[in-house]
Amino acid sequence: MTDLSTPSPALSIVVPCYNEEAVLGALLARVRKTCADLKMTDYEIILIDDGSQDSTARLIEDANSTDPRVRGIILSRNHGHQVALTAGLSYARGARILVLDADLQDPPELLGEMMAKMDEGYDVVYGQRMERAGETRFKKTTAHVFYRLLHGLIEIDLPTDTGDFRLMSRRVLDIFLSMPEQDRFIRGMISWIGLRQTAVQYNRDARFAGETKYPLKRMLRLAVDAFTGFSIKPLRIATYTGFFMAFCSVLLGARVLYGFLSGNTVPGWTSLMLVVLIISAVQMMVIGIMGEYIGRLYMQSKSRPLFIVDRITDTAASGDQVRHAQNQKTEKTLENSST
Ligand code: UDP
Ligand code: MG
């Protein structure tokens, strides 16, 4: 939702930042240069500090005091990339919205090409990675497998090798902001919206500085969010596995009965152990899958705000500070202080 008390710029650039002190300066320079090259002056850069332990928040506040086009949202603690990005998006006022990573892995220079596509009538223009420089073989392989597997499992048409780097129209953003889910897999949610979407392809650079904030644990979490958020096929697979195991147990039961009747019952330790191990493993897996869905239902049922804002630094806004239209109960501003 746009905030009517302040003018809406043509473009909002939304960047979540977690311990990104080493890249912020370069990021702002490249974004500003890109906009200057495109002769764009009417834009805002929204930097979200996702509970960084380094000087990221201070750098954001400094940037805001020297350039009112930079607006800072300082979250109360680390909320994770997808939620931090949602926080930033809910404050974006632009007619078009560009989502960018802080580490310059996604080149802001692609903006011109993305804008041109949008002028043709597209609602979403996403960046699709051709090559990924400077990332470990492990990361590339897991990402490759993840996108292919996801493709087979979920019911929406999610483009492969696409992160959150995308330009979207106001109407897509407004629809996105009306989606209340707690577990957010943003690229999936945007694909789910549909409308006219297209890709621009690019080679993903290495991180400009600092290190990845997506260790294996977070990647796994994102993957599980993606699977459970967009499909109940894992539950169905659990059911099918159950049927398959039941079928096997009938065959095995017949075999056991035959052995008993023919008086040929011992030795059976190995086969017994195998059956116990396999069945209990499958059971645990099925319970785990169900648990993932139940856990998500539980978290959702609490309807807590998605994120907590500590403070907003926005010199451009009027005295009593930005009070954004909240079209959903996803946020709660504890303190609206201005610098
Ligand atoms: N990020 C964030 N909160 C987090 C983790 C990451 O806001 O808890 C931001 C991070 O600062 C960066 C973006 O999300 O702008 C992507 O993170 P990163 O570059 O570390 O991920 P990778 O590119 O390695 O997958
Ligand atoms: Mg990165």
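The values are calculated or read from the model by the stated rules, or taken from the named source; none is laboratory data. Note that this is a predicted model, so its numbers are computed, not measured. Reconstructed Cβ throughout: ideal geometry from the backbone, glycine too, with neighbour counts over all protein chains shown. SASA here: full protein model, heavy atoms, side chains in, ligands and nucleic acids out. Shrake-Rupley method; radii C 1.70, N 1.55, O 1.52, S 1.80 Å.
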| Does any residue of the stretch 100-107 turn out to be away from ligand 2 (no atom under 16 Å from the Cβ) and either open to solvent by less than 40 Å² (accessible area, probe 1.4 Å) or out of contact with any Lys or Arg (no Cβ under 9 Å at 6 or more places or on another chain) (or both)? | no
| field | Odd one out for residue 151, checked against (1) in contact with a strand residue (DSSP E or B) (Cβ under 6 Å, 6 or more places away or on another chain); (2) part of a helix (DSSP H, G or I) | value | (1)
| remark: Going through (1) of a type in the set (Ser, Thr, Tyr); (2) outside any helix (DSSP H, G or I); (3) within 16 Å of ligand 1 (Cβ to nearest atom) one by one, residue 141 fails only at (2)
| In the stretch 23-43, what residues are surrounded by 18 or more Cβ atoms within 10 Å (Cβ to Cβ) and of a type in the set (A, V, I, L, M, F, W, C)? | 23, 24, 27, 28, 31, 35
| field | Residue in the stretch 183-212 that is most open to solvent (accessible area, probe 1.4 Å), counting only those that are within 12 Å of ligand 1 (Cβ to nearest atom) and β-branched (Val, Ile, Thr) | value | 212
| task | Only residues that are touching a helix residue (DSSP H, G or I) at 6+ places or on another chain (Cβ under 6 Å) and of a type in the set (Lys, Arg): list them for the stretch 113-139, please. | result | 132
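Does residue 227 qualify as being surrounded by fewer than 19 Cβ atoms within 10 Å (Cβ to Cβ), farther than 28 Å from residue 12 by Cβ and aromatic (Phe, Trp, Tyr)? Spell out how you get there, then give the answer.
Working: surrounded by fewer than 19 Cβ atoms within 10 Å (Cβ to Cβ): no; farther than 28 Å from residue 12 by Cβ: yes; aromatic (Phe, Trp, Tyr): yes.
Here the answer is no, as residue 227 does not meet what is asked.
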| task | State the number of residues belonging to the stretch 41-85 that are within 16 Å of ligand 2 (Cβ to nearest atom), in a helix (DSSP H, G or I) and not hydroxyl-bearing (Ser, Thr, Tyr). | result | 4
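Here are some residues: 132, 77, 96, 69. Which one is open to solvent by 30 Å² or more (accessible area, probe 1.4 Å), among the basic types (Lys, Arg), within 15 Å of ligand 1 (Cβ to nearest atom) and within 30 Å of residue 310 (Cβ to Cβ)?
Details: 132 fails: within 30 Å of residue 310 (Cβ to Cβ); 96 fails: within 15 Å of ligand 1 (Cβ to nearest atom); 69 fails: within 15 Å of ligand 1 (Cβ to nearest atom).
On inspection, the qualifying residue turns out to be 77.
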| helices (runs of 4 or more DSSP H) wholly in the stretch 169-288 with at least 3 residues that are under 30 Å from residue 27 (Cβ atoms) - which ones? | 170-177, 186-193, 216-230
